[in-house]
Amino acid sequence: MKQNDIMFPSGAEVSIIPVVPGDALNTIDESELPEILPVLALRNTVLFPGAIFPVTIGREKSIKLIQDAEKEGFFIGAVPQIDVMVEEPQAEDLYSYGTVCKIIKTLDLPDGTMTAILQAFKRLSLDAVLGFKPYITARVHYLPDLLGESEHSTDIKAISESIKDKSIHILRAGNLGSKETIGAVKAIDSFPFLVNFTATTIEVEDFRHKMELLQYDDIKVRALKLLSLLETQLELMNIKQEINQKVKSEIDQQQREYYLNNQLRTIQEELGMDNGEEFDKFREKAAGKKWPEAVAKQFEKELAKLEKYNPSSPDYSVQYNYIEFMLELPWGEMSTDNLDLANAQKVLDEDHFGLETVKDRIIEYLAVLKLKGNMKSPILCLYGPPGVGKTSLGKSIAKALGRKYVRIALGGMHDEAEIRGHRKTYVGALPGRILNGIARAGTSNPVIVLDEIDKLSSDFKGDPSSALLEALDPEQNGSFHDNYLDIDYDLSNVLFLTTANSISPVQAALLDRMEVINVTGYLAEEKMEIAKKFLVPKQLEEHGIDRKALKLDKSALCGIIDKYTHESGVRGLEKQIAKIARVTAKKIALGEEYPSVISSEHLKEYLGLPTNFHDLQKGNEAPGVVTGLAWTQMGGEILFVESSVSTGKGVMTMTGNLGDVMKESATIAYQYIKAHPEMALISPELFSQKDIHVHVPEGATPKDGPSAGITMVSSMVSALRGQSVKKGIAMTGEMTLRGRVLPVGGIKEKILAAKRAGVHTIVISEDNRKDIEDIKEIYVKGLEFHYVNTIADVIGFVFQ
């Protein structure tokens, strides 16, 4: 290759610049090159020996350097700068490698900048920057280009051909591959010049890759690195071409679809197949809606958007479903409340036995509604053990009020979108459960039961309980925002009823928004009435048995409650009655004889052997055994605390799968006795020689809580004294290290457990007196309560 045309900008003089042939690279004698050079800082450009390349000059210092060098004909150093954004580069802003160059030609441009054609001769290394005025000067030394083998060797020829092939591919991919250019590349016969020329002219994503090439003295190593860089650049260009082709195809496809849609719309209009009639129906429905003006405007906007969509487009179905949902919602439509208080009380009593607190609250709400005519609906939270009728109460309330009933199961829900809905832009987006339930109900004031609110969970998709904060806040739910609807909806007329087995997992902010009502378990007498009035008739009807064909007498019901169930509610009782009904139905279907009245004598035949054995007070005659009362999510339970004393070193051990709080209670009890050994009728010296083992039976069941404090201290004192406590006594209460007895919760459930176990006297904190007085007489009948303030009161009473 002998020469090459370099074109200046339009309007400039065109010159033919000779390109240095390959063997001319080494014609410059290093002795002719100065040790101190003026330095031109290059941006995004790296020059290799032998290359001729145009460079745009904009900085004043650089322009002066180029002008002086062209005028006086001296060499300059072309060194890339590290950060291209630096206007006044210092020594640390320059790379340590560059090339020594001469100015071939310059051209002044209209914008005040300059283009200079530089010819590079030899690589150099900066030793030290000496000054910056009027331009950068530096001391340098020059680096050789080495080639350890002949240019005619097989390796060198193969590398040359690979570089040429890839360069030509890149030129063609960039639409720069004219016949002349490709011919010129093929004609290069000097291996060093081919490597340096290609390295200078090839465009790369990051010029730092070129700087890496400039550092290599061995031209063959430089060539291999260059091949790798060319391969990467070729892959990038291919990817860009694929993306451009894909974008072009998509644009062509959109234009084609637009044209076809216009044609289709014209054909549909001619054939009367357009959707105008359906859109008119939407507007007709919208005209009858009692929605706010802002919602009406939003509807028109969304419908206008739908009219523009192609029916075959995925967006059309998304928008269509959204419009339908807007029209399904009962904006401002209310069912008329039945304000007959006597009728409401009758309906509630017919469906549920007991639950007086909840019933009274509903009647109070109706009374205010009757007097005022309008009132925000209450948000009630019913919590208590399973099977006491919390969920079914919602249906009864809806029936009593004359409202629609919606139940939403929250157990296991962990996605916030279940409450608030998804954004409608997503494929498969759906509204939240609350608005979906209101749409199904067809009124804006249904009774919505949010079942098992304590079973909500959360994960990376959000926290549903936090999403409920808005829906269950009477001050905020007048403008509830569902993500799918994306318009505020008024929930203030909805009567929300939530249920839970325990309120401890419910976050405090959510609990604060609700009116919490404790729904406790039933007495055996209450279960009897529930079975007679509700469960037996229901199961006979469900199993196709005539009421006159089968009856369960009192002894049978007592036996089922006492020996086949162990619960605070009545769900297990209903299952046992259902089993009797199934066995009877089988006998009737087979034509076998069966008793028309089921008594306790038939229970073994129908239900098998008894499955429940009450923890009756047994073993209290032995020293060290004391009965305690505990609360669980299943209701109240009794537990026995056993203590034994042995000769040892004054060590206390605990067993029975006890939790940390319960272990702390045992430790406090032990330390209190150690501080007051006189209550155990033992000297301090003797006490320090006794080991105490505290055990709570049923070791497979985890136990925790502070309410066994006074039970544990009584058990230890009993064992140390060798004296049993009074018979028929159970106790509950937390104790302090100073001997005070603190109040505890779950009193009603514990009372029921005590009655089931045959306890007749309960020792309890004086501060719990108000809780006892608040309980109906039927629950405390047959029980004696002994109120205590200190541990001394407890010990003085149980060992009289």
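In this entry, residue 109 is excluded by the filter for residues that are among the aliphatic types (A, V, I, L, M) and open to solvent by less than 30 Å² (accessible area, probe 1.4 Å). Checked against the criterion of being among the charged types (D, E, K, R) and touching a strand residue (DSSP E or B) at 6+ places or on another chain (Cβ under 9 Å), the candidates 372, 399 yield just one match: 399.
Between 419, 397, the distinction of being more than 24 Å from residue 342 (Cα to Cα), in a helix (DSSP H, G or I), open to solvent by less than 10 Å² (accessible area, probe 1.4 Å) and modelled with pLDDT of 80 or more belongs to 419 only. With respect to the conditions (1) within 18 Å of residue 383 (Cβ to Cβ); (2) in contact with a Gly (Cβ under 9 Å, 6 or more places away or on another chain), residue 483 lacks only one, and its number is (1).
The set of residues in the range 498-535 that are more than 30 Å from residue 474 (Cα to Cα) and either part of a helix (DSSP H, G or I) or open to solvent by 40 Å² or more (accessible area, probe 1.4 Å) (or both) comprises 524, 525, 526, 527, 528, 529, 530, 531, 532, 533, 534, 535.
Scanning the range 464-509 for residues that are hydroxyl-bearing (Ser, Thr, Tyr) and touching a residue at least 60 places away in the same chain (Cβ under 8 Å) yields a total of 6.
Once the range 546-593 is narrowed to residues that are crowded, with 17+ Cβ neighbours inside 10 Å and part of a loop (DSSP other than H, G, I, E, B), the residue that is farthest from the chain's Cα centre (by Cα) is 550.
Within the range 653-677, being open to solvent by less than 10 Å² (accessible area, probe 1.4 Å) and touching an Asp or Glu at 6+ places or on another chain (Cβ under 6 Å) holds for one residue alone: 662. Scanning the range 315-373 for residues that are of a type in the set (Asp, Glu) and more than 29 Å from residue 531 (Cβ to Cβ) returns 315, 324, 328, 333, 337, 340, 364. Name the single residue, out of those in the range 735-768 being part of a helix (DSSP H, G or I) and open to solvent by 20 Å² or more (accessible area, probe 1.4 Å), that is modelled with the lowest pLDDT. Ranking the candidates gives 756 first. Tell me which residues, restricted to the range 193-229, are buried (at least 21 other Cβ atoms within 10 Å of the Cβ), of a type in the set (Ser, Thr, Tyr) and out of contact with any strand residue (DSSP E or B) (no Cβ under 7 Å at 6 or more places or on another chain). Passing the criteria: only 198. Under the condition of being buried (at least 18 other Cβ atoms within 10 Å of the Cβ) and not small (Gly, Ala, Ser), the residues counted in the range 157-167 number 3.
Set side by side, the residues 472, 495, 456, 491 differ, and just one is of a type in the set (A, V, I, L, M, F, W, C) and out of contact with any strand residue (DSSP E or B) (no Cβ under 6 Å at 6 or more places or on another chain), which is 456.
The values are calculated or read from the model by the stated rules, or taken from the named source; none is laboratory data. The model shown is predicted, which means the values in this text are computed figures rather than measured ones. Positions of Cβ are generated from backbone atoms using ideal geometry, with glycine treated the same way; all protein chains shown enter the neighbour counts. Keep in mind that these areas ignore ligands, DNA and RNA; they rest on the heavy atoms of the full protein, side chains included. Shrake-Rupley method; radii C 1.70, N 1.55, O 1.52, S 1.80 Å.
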